[in-house]
Amino acid sequence: MSGAAIEAPAAILDGAAAGRSRTRNAMARGGLPLRRLALRGAALALALLAWHLLASARLDLGVVTFRNVPTPVEAARAAWALIQSPKLAAHLGASLARVLSGFLAALAAGVALGLVIGRSRTAADLLLPPLEVLRPIPAVAWIPLAILMFPSSELSMAFITFTGALFPILLSTIHGVEGVNPRLVAAARSLGAGRGAILREVIVPGAAPSIITGAAIGMGTAWFCLVTAEMISGQYGIGYFTWESYTLQNYDDIVVGMLLIGLLGMGSSLAVRRLGALATPWIGAGETR
């Protein structure tokens with residue numbers, strides 16, 4: 001076989017490998033192939049169709065009933081009315097401020113505590129037991145204590161979103177720190193790196209994927225806690241809008257508020273992942289979703 005005949009397949013294989021590498025990098029950076037995007041769009045369309053059929057038929061299965069569930073068309077009309085309302089900006093601004101403040105505080109505290117606990121057995125023995133006791137407490141149980149602890153309702157609501165976001169970030173950071181290869185730490189130490197340099201150059205970069213994942217989960221959990229937090233709000237917020245719609249039996253607006261929280265939570269989690277990918281360009285060459 002000639003040399004040219006050997007080089008041609010080799011070039012093809014190299015090109016295919018490069019293409020797969022580019023695909024993996026694109027997916028790791030947040031991109032998706034067209035086929036997967038189409039598949040996800042079809043899944044959403046099927047879910048919307050199922051909702052339409054069940055709500056239109058007013059199906060009553062005994063255990064669950066759809067008699068009072070609005071159809072997608074009715075929810076769309078309510079959404080359009082909310083978009084035209086001047087209250088939408090106030091609701092969105094209030095909720096975004098509460099979620100963002102609680103999430104940023106949880107990110108700072110969760111990463112700091114996670115790094116300390118992950119690197120120190122003494123810190124783990126001192127800090128993990130009380131944190132593990134607090135972790136299973138649901139957000140709604142914090143409402144009375146939050147009202148007593150903080151002088152304003154805004155601080156109380158930010159605290160509840162903080163508790164929701166803290167533990168996913170904390171546990172993911174601990175997992176990431178403990179997963180760093182000890183040989184890398186030993187190599188850095190043998191080269192003369194001190195504790196600060198090891199933390200900055202080895203531990204944090206090695207734990208970064210877990211921290212980003214925990215931050216994305218924590219952002220979604222913060223939105224999950226929003227309705228609970230805004231139960232103590234007096235006027236504005238998407239969670240308050242949803243709860244008020246329930247008390248007034250505006251069923252269309254309940255669905256609109258739920259979907260809006262879901263979309264905002266999904267979008268903000270994706271934004272956290274994208275920002276994390278931009279901040280860690282060394283990650284994801286061979287990762288897929």
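The values are calculated or read from the model by the stated rules, or taken from the named source; none is laboratory data. Computed from a predicted model, the values in this text were never measured in an experiment. Note that each Cβ is placed from the backbone with ideal geometry, even for glycine, and that neighbours are counted across all protein chains shown. We work out accessible area using only protein heavy atoms, side chains counted, and drop any ligands, DNA or RNA first. Shrake-Rupley method; radii C 1.70, N 1.55, O 1.52, S 1.80 Å.
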If one takes the longest principal axis of the Cα atoms in the chain, at what angle in degrees, from 0 to 90 and to the nearest 10, does the Cα axis of helix 238-247 lie?
30
Accessible area (Å², 1.4 Å probe, nearest 10) - R36
50
Just from its helices, what would the mean residue ellipticity at 222 nm be for the chain, if runs of 4 or more DSSP H residues each count -39500 (n - 2.57) and the sum is divided by every residue, rounded to the nearest 500 deg cm²/dmol?
-25500 deg cm²/dmol
At a temperature of 37 °C and a viscosity of 0.692 mPa s, determine how fast region 123-237 diffuses translationally according to Stokes-Einstein, using the Kirkwood radius over alpha-carbon pairs as Rh; express D in µm²/s, rounded to the nearest whole number.
203
Peptides 264-273, 144-153: what's the order by average Cβ count within 10 Å, highest mean first?
264-273, 144-153
In degrees, nearest ten, helix 87-119 long axis to first principal axis of the chain (Cα):
40
Using alpha-carbon positions, the gyration tensor of the chain gives root eigenvalues a ≥ b ≥ c; with a/c under 1.5 called rounded, otherwise prolate if a/b exceeds b/c, else oblate, the class is oblate
Using a ≥ b ≥ c from the Cα gyration tensor of region 104-189 (square roots of the eigenvalues), is it rounded, prolate or oblate, where a/c under 1.5 gives rounded and otherwise the larger of a/b and b/c decides, a/b for prolate?
prolate
Check F66: other-chain or 5+ apart residues with amide H under 5 Å from its amide H, H built from backbone geometry?
L59, D60, L61
Using a 1.4 Å probe, what is the accessible area per residue for the chain, in Å²?
58
For the chain, find the longest principal axis of its Cα atoms and tell me its angle to the long axis of helix 153-178, 0 to 90°, nearest 10.
30
L191 - accessible surface, heavy atoms, 1.4 Å probe, Å² rounded to 10
150
Run the 1.4 Å probe and let me know the accessible area of W51, rounded to the nearest 10 Å².
60
If you take the beta carbon distance between L127 and A105 as r and set R0 to 22 Å, what does 1/(1 + (r/R0)^6) give as a FRET efficiency, to the nearest 0.05?
0.80
